[in-house]
Amino acid sequence: MGKITLITGGARSGKSSYALERAEAVSKKRFFIATCPSLDEEMNCRVTRHKEERAGRGWQTFEEEHDISQVVRERLPVEPGVVLLDCITLWVNNILFTAEAAHLETTDSIIRVAAEAFIAEMLSSPHRFFVVTNEVGLGIVPDNRLARLYRDLVGTANQTLGRAADEVVLVSCGIPLVLKEGGREAGQ
């Protein structure tokens, strides 16, 4: 049964580096699920930097912007290893962006169901999971509907994953602070 650690924090807080270090201490069989879309040259440079950080460290990368449950269910090997997903925030962004482009609504319920499906796949997997997300609710209230919706949807995903996680770690200024350890909530 998969064990889940949720790692959260602000932008450039050190959460991705922390997640890499934690994951690499677990297994030499390392799988990385990347959710970042190719948006522009600056974002491509960020992706390149992250890839360079993992280079030569034994990571096999799966790029998937939407169906992260399918990656866990169908693309990861059966032999136990460690899986690092970076990040939930971009995954929610991708779902919202695709829906908005098709003039469809994205609701808390849609994100919750998708997050719960991902959790179910992780829990039935033999792998150890580290899931990275951003804490987006600590700033000002955004000035437009879409940004407020995005913030709320990320909050829903984070709460859903946080409840199911065995451990939740907040990284701030490169320093990890354990928010939860020792297991899931009842019913998970």
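The values are calculated or read from the model by the stated rules, or taken from the named source; none is laboratory data. Since the structure is predicted, the reported quantities are computational estimates derived from the model, not experimental observations. Using ideal geometry, Cβ is built from the backbone for each residue, glycine included, and neighbour counts are taken over all protein chains shown. Side chains are part of the model used for accessible areas, which takes the heavy atoms of the whole protein and leaves out ligands, DNA and RNA. Shrake-Rupley method; radii C 1.70, N 1.55, O 1.52, S 1.80 Å.
Residues in the stretch 18-48 that are touching a residue at least 24 places away in the same chain (Cβ under 8 Å) and of a type in the set (G, A, S): A19, A23, S27, A34.
Picking from residues in the stretch 157-186 that are modelled with pLDDT under 95 and out of contact with any helix residue (DSSP H, G or I) (no Cβ under 9 Å at 6 or more places or on another chain), the one that is most open to solvent (accessible area, probe 1.4 Å) is E181. A single member of V72, V47, V92 is outside any strand (DSSP E or B), of a type in the set (V, I, T), surrounded by 18 or more Cβ atoms within 10 Å (Cβ to Cβ) and more than 12 Å from the chain's Cα centre (by Cα), and it is V72.
Of the residues V136, V154, the single one that is modelled with pLDDT of 95 or more, surrounded by 17 or more Cβ atoms within 10 Å (Cβ to Cβ) and either closer than 29 Å to V78 by Cβ or out of contact with any Phe, Trp or Tyr (no Cβ under 7 Å at 6 or more places or on another chain) (or both) is V154. Looking only at the stretch 50-68, how many residues end up being assigned to a helix (DSSP H, G or I) and farther than 17 Å from V132 by Cβ? The total comes to 1.
If you go through the stretch 125-147 and keep only what is outside any loop (DSSP other than H, G, I, E, B) and farther than 18 Å from A23 by Cα, you end up with R145, L146, A147.
Taking first residues from the stretch 96-108 that are on the phi < 0 side of the Ramachandran plot and partners that are open to solvent by 100 Å² or more (accessible area, probe 1.4 Å), the Cβ contacts under 9 Å between residues at least 6 apart in sequence or on separate chains come to T98/L104; A99/E105. Screening K15 on (1) in contact with a Pro (Cβ under 9 Å, 6 or more places away or on another chain); (2) touching a residue at least 40 places away in the same chain (Cβ under 8 Å); (3) farther than 16 Å from A157 by Cβ; (4) surrounded by 13 or more Cβ atoms within 10 Å (Cβ to Cβ) shows it passes everything except condition (3). Taking each residue of the stretch 168-184 that is more than 19 Å from I88 (Cβ to Cβ) and looking for partners that are assigned to a loop (DSSP other than H, G, I, E, B) with beta-carbon atoms closer than 6 Å, six or more apart or interchain, yields G174/G14; G183/D166. The number of residues in the stretch 1-44 being of a type in the set (S, T, Y) and assigned to a helix (DSSP H, G or I) comes to 3. Considering the stretch 26-41, and only residues there that are under 17 Å from S16 (Cβ atoms) and out of contact with any Asp or Glu (no Cβ under 9 Å at 6 or more places or on another chain), the residue that is surrounded by the fewest Cβ atoms within 10 Å (Cβ to Cβ) turns out to be V26.
Applying a threshold of 7 Å to beta carbon distances and a minimum spacing of six or more residues, or different chains, the list of pairs starting in the stretch 69-92 at a residue that is more than 23 Å from T8 (Cα to Cα) and ending at one that is hydrophobic (A, V, I, L, M, F, W, C) and open to solvent by 10 Å² or more (accessible area, probe 1.4 Å) reads R75/F62; L76/F31.
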